[in-house]
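Novice: My questions will all concern the structure given below.
The values are calculated or read from the model by the stated rules, or taken from the named source; none is laboratory data. Quick caveat, the model's predicted, so the values are computed rather than measured. For the accessible areas, the whole protein counts, side chains as well, though only heavy atoms, and no ligand, DNA or RNA atoms are used. Shrake-Rupley method; radii C 1.70, N 1.55, O 1.52, S 1.80 Å.
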Amino acid sequence: MPTLCGVVFSSLCPIDSFGLGRGKTGQLLFPHNLHYDIAKARKRNKNFQLKAGFWDSIKSSFTKNSTTQVIESPSTLQEEEEPLPEEFVLIEKTEADGAIEQIIFSSGGDVDVYDLQSLCDKVGWPRRPLTKLAAALQNSYMVATLHSVRKAPGLEGNEQKKLIGMARATSDHAFNATIWDVLVDPSYQGQGLGKALVEKLIRALLQRDIGNITLFADSQVIEFYRNLGFEPDPEGIKGMFWYPKY
């Protein structure tokens, strides 16, 4: 079974937790600290906009002591329904043959459902109808991806690009968001990419002033999400589930 950062990772898909294959119920988790950070920020700012210094600190953490390149984020939040897309190089490394591989994070753009199905196969998730996968992506508030882009020396314009990670979020576009379908290619696990993917998805949601963020996690990965600031059922909030009887 594939692992990421030392924890079992194949059961992160909340749809899987709802009963496709195993019939187990995931636990509802909340990023407790982030929720109260954004609440405090709202009290300080009548327009509910995060200060520019917050994003400056995030950008500096990406670029410090690394080769990461970050595309400038918009300086102000715009009043529009769609999230502002981000794209930047998360990791860049030179291989023994001189080829350069970049791991690129994106919070915008299309995801090929066949590539996504192949990625789900790699982590051992049950197959879902392609039409439903496409509908889930289309109806998501935000889809974050990790792509590997490999550039061979002397072959300009002949890049090899493949999907190696994805997470998505649904939202009411105002207060709440839920993270679903977090997955990373097993051959790229153990490098902290799952952690980076979730963190950057959360920050992209915070940029849209959505501070109440939840997800569902099976017992094997609760500690993984605890390390990202999530807490099970803060303040006595309890998740409940309804299942078809057939």
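Novice: Using a 1.4 Å probe over the heavy atoms of the protein chains, calculate the carbon and sulfur portion of the accessible area of region 90-149 as a whole percent.
Specialist: Taking all protein chains in place, region 90-149 shows 50 percent carbon and sulfur surface.
Novice: Let me ask you something else. Which of the residue pairs 132/238; 122/238; 161/195 have a Cα-Cα distance greater than 24 Å in the structure shown?
Specialist: Exceeds cut-off: 132/238; 122/238.
Novice: Sticking with this one: So for 219, 106, what's the accessible-area order with a 1.4 Å probe, most first?
Specialist: Numbers: 219 85, 106 10 Å².
Ranking 219, 106 by accessible area, largest first, yields 219, 106.
Novice: Same structure, new question: Rank these residues by their accessible area, most exposed first, probe 1.4 Å: 161, 151, 200.
Specialist: Per-residue accessible area, sorted high to low, gives 161, 151, 200.
Novice: Something else now. Per residue, how much accessible area does region 78-191 have with a 1.4 Å probe, in Å²?
Specialist: So region 78-191 comes to 51 Å² accessible per residue, rounded to a whole number.
Novice: Give the ranking of 113, 123 by solvent-accessible surface, highest area first, calculated with a 1.4 Å probe.
Specialist: 113, 123
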